[in-house]
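Student: Attaching a single structure in structure tokens format; questions to follow.
Please treat every number below as a calculation from the coordinates, not as lab data. Note that the structure is predicted; figures quoted are calculated from it, not measured. When we count neighbours, we look across all protein chains shown, and the Cβ atoms used for this are built from the backbone with ideal geometry, even at glycine.
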Amino acid sequence: MAKMIKIPKDKEVPFAGITPAPTTEQEMMITGNWRFMRPVIDKAKCTRCRICWVYCPDACIVEGKDGFSVNLKYCKGCGICTKECPVGAITEVPELDFPDGVVRLEKLF
Ligand code: SF4
Ligand code: SF4
């Protein structure tokens, strides 16, 4: 028989999936360690149209003073942003190409 997982009371999700407070990061669900391809944004090509920001299903595209970046803690490498960028400013690069790539980490995040 499958073992039941006990979820701490303060981490429980209320009925119908309503979260009790706005949250930008859910530490119980770090999706970044699923990734084997990393989206890399070429800031010189980026026109700041925000299409990647709209399409990212995990809200991982972050806008800063110097352009857009990716929250690698939660980006699962689905590739949607790469496909939707109208100017080809995002490239998918294998995690193995990075010294801090997900596959190289002993402890994931
Ligand atoms: S690869 Fe997927 S999860 Fe990661 S930033 Fe792009 S759209 Fe979001
Ligand atoms: S979709 Fe492409 S051009 Fe538009 S903001 Fe994202 S990276 Fe920049």
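Student: Determine how many Å³ per residue the convex hull of the Cα atoms of region 31-97 encloses. Walk me through the numbers before you get to the answer.
Tutor: Details: hull volume 5.3 nm³, N = 67.
With only Cα atoms used, region 31-97 gives 78 Å³ per residue.
Student: Spelling out what I want: for every residue of region 39-49, take phi, set θ = phi - 60°, compute 6.51 cos²θ - 1.76 cosθ + 1.60 (Karplus), and round to whole Hz; glycine and proline get x.
Tutor: Calculated HN-Hα couplings, in order: x, 10, 9, 8, 5, 6, 8, 4, 9, 6, 6 Hz.
Student: Related question: Excluding residues on the same chain fewer than 8 positions from K73, give the lysines whose Cα lies under 26 Å from its Cα.
Tutor: Counting by Cα, and skipping residues close in sequence, K73 has these lysines nearby: K6, K9, K11, K43, K45, K65, K83, K107.
Student: With a ≥ b ≥ c taken as the square roots of the eigenvalues of the C-alpha gyration tensor of region 51-90, please select rounded if a/c is under 1.5 and otherwise prolate if a/b is larger than b/c or oblate if it is not?
Tutor: Since a/c reaches 1.5 but b/c is at least a/b, the shape of region 51-90 is classed as oblate.
Student: What is the set of long-range amide H partners of Y74 at a cut-off below 5 Å, with H atoms built 1.01 Å from backbone N?
Tutor: Under 5 Å from the amide H of Y74 lie the amide H atoms of G32, each far enough along the sequence or on another chain.
Student: Next question. Could you check the simple spin-label distance between A2 and E25, using points 7 Å along Cα→Cβ, in nm with one decimal?
Tutor: 3.0
Student: OK, next. Give the cross-link partners of K76 among the aspartates and glutamates, using a straight C-alpha distance below 20 Å as the criterion and excluding same-chain residues fewer than 8 apart.
Tutor: E25, E27, D42, D58, E63, E84, E92, E95, D97, D100, E106
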